[in-house]
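Comments concern the structure below.
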Amino acid sequence: MASIAQPYSDIKEHLRVLVILLSTAIVLLLVSSLKARKKSPLPLVNGNSWTDPLGIEAKKRFMTSARSIIAGQLEKAPGKPFRVVSDVGELVVLPPDFAPEIRNHKDFSFTMAAYKWFYAHLPGMEGFREGTAESQIMKLVARHQLTHQLTVVTAPVAEESARALRDIFGCDEGWRELSVRSACLRVIARVSSRIFLGQELCRNPDWLRVTSTYSVLAFKAVVALRFWPAPLRNVVHWVLPACKAARDLVQEARDLVNPLLLERNQERRAQAKGESVLYRNDAIDWLEELATDKNLNYDPAASQLYLSTAALHSSTDFFAQLLLDLAERPSLAEELRQEAAKVVSTEGWSKGSLFDLKLMDSVMKESQRLKPISLASMRRYTTADVKMSSGDIIPKGSLTVVSAYRHWDEKTYERPDEFDGHRFLKMRSQAGKQHQAHLVSATQDHFGFGYGLHACPGRFFAAEEVKIVLAQMLLQYEIRLVEGSDSRPVTAGLNMYANPSSKISVRYRGSSF
């Protein structure tokens, strides 16, 4: 009997220990939450209640109503920072006026915020970790190699986008109905991989599946983790399905990238011996050259996942929203098609010709104004108590964001709720605003690509990539919104997405470029 009872006794003991650990974690969480509330002098909105001590209901409210919660407090107390319980925990929201003050502030850490926001230290989150690495190798690649290579990569992007559009949207003479987000994801995955990994993997179905799936599952894993108390995240990530799927995809990425990297290294050794080797102008070589020249450590497969995730998440959403905006505005789409036809027929596909697509640049910036990727920008984590010029104290250990409220503020933009494709084209002729009107310009009034020292370093490539794909789309296809489809973006917390349920119809018009 003793031998039979012993296992049950062990199980009961394990359960008792587990209950104690969970209870301790919850108590620690409540104590730390109460301490945080006492420490900060900033007003709190959407706070926890005694019936919701872990903030689960508050987080749910924020997920569904973040825009109205933030806008309501900014209207109630203009120009004043405040705290809000969000899906990531307690956030300090700063009004747009604070952007210049914190843009390069040493006590507002970008890297620490990324770790806190995306749990970059956990297995499976390596795609986020590489973007926060202290070596900053990814930022160097985006700012230097990728940006400086724009004149060289324009033609390959144009070629790959034309091919990808025909493969994915088809060449049907009749109208074909498609899920806009799904189709855009496949196109952007192809085009981005052409630049990041070259022709070897850009059409590889396994790599395209890994990158497109990882960009979705990694964010799902982050959202799932946010609903768990911080002390438990280091444990529960092992059993959450999205986290396990992300870990599996990281391993698949290594299995695909590492043999390619080995082959490239063999080619470099052959080149060092004087043998002729084909130079491949892609991110694999850029990263290796940077790591060698500057003696930097990096994770090749995770770096490719980071590049792909950054490109797919934002560029796919941007392209999808543009198609929805233009499907609703056929006359504007025709204006853009004529502009693209005129420019490309006379100048070809080049950096200069893309610069001359001025109406397209304006339309893209207007689409991004009305639906940025986020309701707030400039994620930071304070490493010390900071006294702002307003006299407000931002406590050490605060996660902070700057509201993108000006995007929809009538004091900043005339008729801010109206889509005006010519808005930024007209701004180019206004004294003192010429440079603010460009798509890639990062200003206090437009956080489409962020602002300050950590504004998106890859925005020049992203802008060119989406501009090329959009031009190719308009030159090759007619588009219209499927009846009953909703083109309005959806909001989840701070994130704004092109409606994933929206559908468009496309009809191939032929290709002459």
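Checking each residue in segment 476-490 for being under 18 Å from Ala333 (Cα atoms) and of a type in the set (Gly, Ala, Ser) picks out only Ser487. The condition of being surrounded by 15 or more Cβ atoms within 10 Å (Cβ to Cβ), within 29 Å of Lys59 (Cα to Cα) and touching a strand residue (DSSP E or B) at 6+ places or on another chain (Cβ under 8 Å) does not hold for Gly448.
For the condition modelled with pLDDT under 95, surrounded by 22 or more Cβ atoms within 10 Å (Cβ to Cβ) and not acidic (Asp, Glu), Phe108 does not qualify.
For segment 141-179, filtering for residues that are within 18 Å of the chain's Cα centre (by Cα) and of a type in the set (A, V, I, L, M) leaves 3. Residue check: Leu54 meets all listed conditions (1) assigned to a helix (DSSP H, G or I); (2) in contact with a Leu (Cβ under 9 Å, 6 or more places away or on another chain); (3) modelled with pLDDT under 80 but one, namely (1). Does at least one position in segment 266-277 carry a residue that is in contact (Cβ under 8 Å) with a residue 24 or more places away in the chain and either over 22 Å from Val216 (Cα atoms) or in the same structural domain as Glu90 (by TED's automatic domain parsing) (or both)? No: zero hits. Of everything in segment 330-384 that is within 30 Å of Val402 (Cβ to Cβ) and among the acidic types (Asp, Glu), the residue that is surrounded by the most Cβ atoms within 10 Å (Cβ to Cβ) is Glu366. Scanning segment 118-147 for residues being part of a helix (DSSP H, G or I), touching a Leu at 6+ places or on another chain (Cβ under 8 Å) and at pLDDT 80 or above gives a total of 7.
For segment 239-251, check the following and say yes or no: at least one residue is farther than 30 Å from Ser86 by Cβ, out of contact with any strand residue (DSSP E or B) (no Cβ under 7 Å at 6 or more places or on another chain) and at pLDDT 90 or above. Step through it out loud before you land on a result.
Our first condition is that a residue be farther than 30 Å from Ser86 by Cβ; within segment 239-251, this holds for 251.
Subset that is out of contact with any strand residue (DSSP E or B) (no Cβ under 7 Å at 6 or more places or on another chain): 251.
Retained after the next criterion (residues that are at pLDDT 90 or above): 251.
Checking segment 239-251: at least one residue is farther than 30 Å from Ser86 by Cβ, out of contact with any strand residue (DSSP E or B) (no Cβ under 7 Å at 6 or more places or on another chain) and at pLDDT 90 or above.
Leu399 meets the conditions (1) aliphatic (A, V, I, L, M); (2) more than 28 Å from Met360 (Cβ to Cβ); (3) out of contact with any strand residue (DSSP E or B) (no Cβ under 7 Å at 6 or more places or on another chain) in every case but one. The failed one is (3). Note on segment 385-407: residues that are crowded, with 20+ Cβ neighbours inside 10 Å and in a loop (DSSP other than H, G, I, E, B) total 2.
None of Arg163, Arg190, Arg181, Arg209 is assigned to a helix (DSSP H, G or I) and touching a Pro at 6+ places or on another chain (Cβ under 6 Å) except Arg181.
The values are calculated or read from the model by the stated rules, or taken from the named source; none is laboratory data. All values reported here derive from a predicted model rather than from experimental measurement. Positions of Cβ are backbone-derived with ideal geometry, glycine not excepted, and every protein chain shown enters the neighbour counts.
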